[in-house]
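*Asks:* Below is a structure I'd like to ask you about.
The values are calculated or read from the model by the stated rules, or taken from the named source; none is laboratory data. Keep in mind the model is a prediction, meaning the values are calculated, not measured. Here the Cβ positions follow ideal geometry from the backbone for every residue, glycine too, while neighbour counts run over all protein chains shown.
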Amino acid sequence: MKYSFVFLWLVAGTCGATQMTGFGARYYDDITEVYSDNHETDKDLVPVIVIGATEYKFEVNTLESIAKNAGVKVNKDNLASWICLKSGDINYWFISDNEMGAGDLTAVAIAKDGSPCTPYKGVLQVSVKAPVLTTKEETEKYFKHKPKKDIVMYYKDIEKSGEYTQSNSIMYYLKGDKVQGVIISQGTTN
């Protein structure tokens, strides 16, 4: 009987959680080298994120601060917290990994996929010194590498003060000759 109660509690907790939808849900994919083409790069992959009049940084600013600025609520499940904003025809998922992010912004997924994200009328920009929603050919030219798989990740590790390493990455999801969407992320380890 005790085990039945625990099982029901776990199932109810999981079923009640909101799940990320659309391209942003690709964040949950268990990407390994079997499925993706991973390459180290010397390119700067730190994004510039501007919402309204405020610039946000990975692992410094919280999703709560972004949500407050945008006038939306933070969604949460057992793996991540996120908000999804739409500007023009582009959707932006601002994500915090629950394991390491602790509410801080750790990733942004970007796609033109028609998902039902909250429209945002103000300034919303996420830029990185790499092509984003473009063609496969443009990414090949920029990184000087021809992807062998439909998912390709470029990453740059930067040692910070000898104590920890910051890793920035951009993961491209390719469909034919187009980039379907990207996930830009940052993680820090010691």
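*Asks:* Quick test for you: out of LEU79, LEU105, pick the one residue that is surrounded by fewer than 19 Cβ atoms within 10 Å (Cβ to Cβ) and in contact (Cβ under 8 Å) with a residue 12 or more places away in the chain. Walk me through it before giving the result.
*Replies:* Values: LEU105 fails: surrounded by fewer than 19 Cβ atoms within 10 Å (Cβ to Cβ).
Going through LEU79, LEU105 in turn, just one is surrounded by fewer than 19 Cβ atoms within 10 Å (Cβ to Cβ) and in contact (Cβ under 8 Å) with a residue 12 or more places away in the chain: LEU79.
*Asks:* A follow-up question, please. Test each condition in (1) exposed (fewer than 14 other Cβ atoms within 10 Å of the Cβ); (2) more than 14 Å from LEU45 (Cα to Cα); (3) modelled with pLDDT under 95; (4) not hydrophobic (A, V, I, L, M, F, W, C) for LYS129 and report the one that comes out false.
*Replies:* That leaves (2) as the condition not met.
Residue-wise test of (1) in contact with a strand residue (DSSP E or B) (Cβ under 9 Å, 6 or more places away or on another chain); (2) aliphatic (A, V, I, L, M); (3) over 21 Å from GLN19 (Cα atoms); (4) at pLDDT below 95.
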residue	(1), (2), (3), (4)
GLY103	yes, no, no, yes
ALA109	yes, yes, no, no
LYS148	yes, no, yes, yes
GLU159	yes, no, yes, yes
GLY162	no, no, yes, yes
GLY181	yes, no, no, no
ILE184	yes, yes, no, no
THR188	yes, no, yes, yes
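*Asks:* Another question, then. For a quick check of your reading of the model, give me the residue pairs whose first member lies in region 51-67 and is over 17 Å from CYS84 (Cα atoms), whose second is surrounded by 14 or more Cβ atoms within 10 Å (Cβ to Cβ) and charged (D, E, K, R), with beta-carbon atoms closer than 9 Å and at least 6 apart or on different chains.
*Replies:* GLU59/ASP104; VAL60/ASP104
*Asks:* Evaluate region 81-101: report whether one residue or more is over 20 Å from CYS117 (Cα atoms), at pLDDT 95 or above, part of a strand (DSSP E or B) and of a type outside the set (Asp, Glu).
*Replies:* Of region 81-101, the ones over 20 Å from CYS117 (Cα atoms) are 98-101.
Still in the running and at pLDDT 95 or above: none.
The answer is no; no qualifying residue exists.
*Asks:* A follow-up question, please. Does ILE110 fit the bill of being in contact with a Leu (Cβ under 7 Å, 6 or more places away or on another chain) and not small (Gly, Ala, Ser)? Explain how you work it out, then say what you get.
*Replies:* Values: in contact with a Leu (Cβ under 7 Å, 6 or more places away or on another chain): yes; not small (Gly, Ala, Ser): yes.
In short, yes.
*Asks:* Checking ALA25 against (1) modelled with pLDDT under 85; (2) not polar (S, T, N, Q); (3) not in a loop (DSSP other than H, G, I, E, B), which test does it fail?
*Replies:* (1) is the only condition that ALA25 fails.
*Asks:* Here is a list of conditions, (1) within 23 Å of GLN180 (Cβ to Cβ); (2) out of contact with any strand residue (DSSP E or B) (no Cβ under 8 Å at 6 or more places or on another chain); (3) exposed (fewer than 14 other Cβ atoms within 10 Å of the Cβ), and GLU140 meets all of them except one; can you say which number that is?
*Replies:* (3)
*Asks:* I'd like the full set of residues that are among the charged types (D, E, K, R) and either under 18 Å from TYR172 (Cβ atoms) or in contact (Cβ under 8 Å) with a residue 12 or more places away in the chain (or both), limited to region 108-149.
*Replies:* Step one: of region 108-149, the residues among the charged types (D, E, K, R) are 112-113, 121, 129, 136-138, 140-141, 144, 146, 148-149.
Result: LYS112, ASP113, LYS129, LYS136, GLU137, GLU138, GLU140, LYS141, LYS144, LYS146, LYS148, LYS149.
*Asks:* Now for a different question. Return the residue satisfying two criteria in turn: it lies in region 33-52 and is more than 19 Å from SER167 (Cβ to Cβ) and at pLDDT 95 or above, and of such residues it is surrounded by the most Cβ atoms within 10 Å (Cβ to Cβ).
*Replies:* Here the residue is ILE51.
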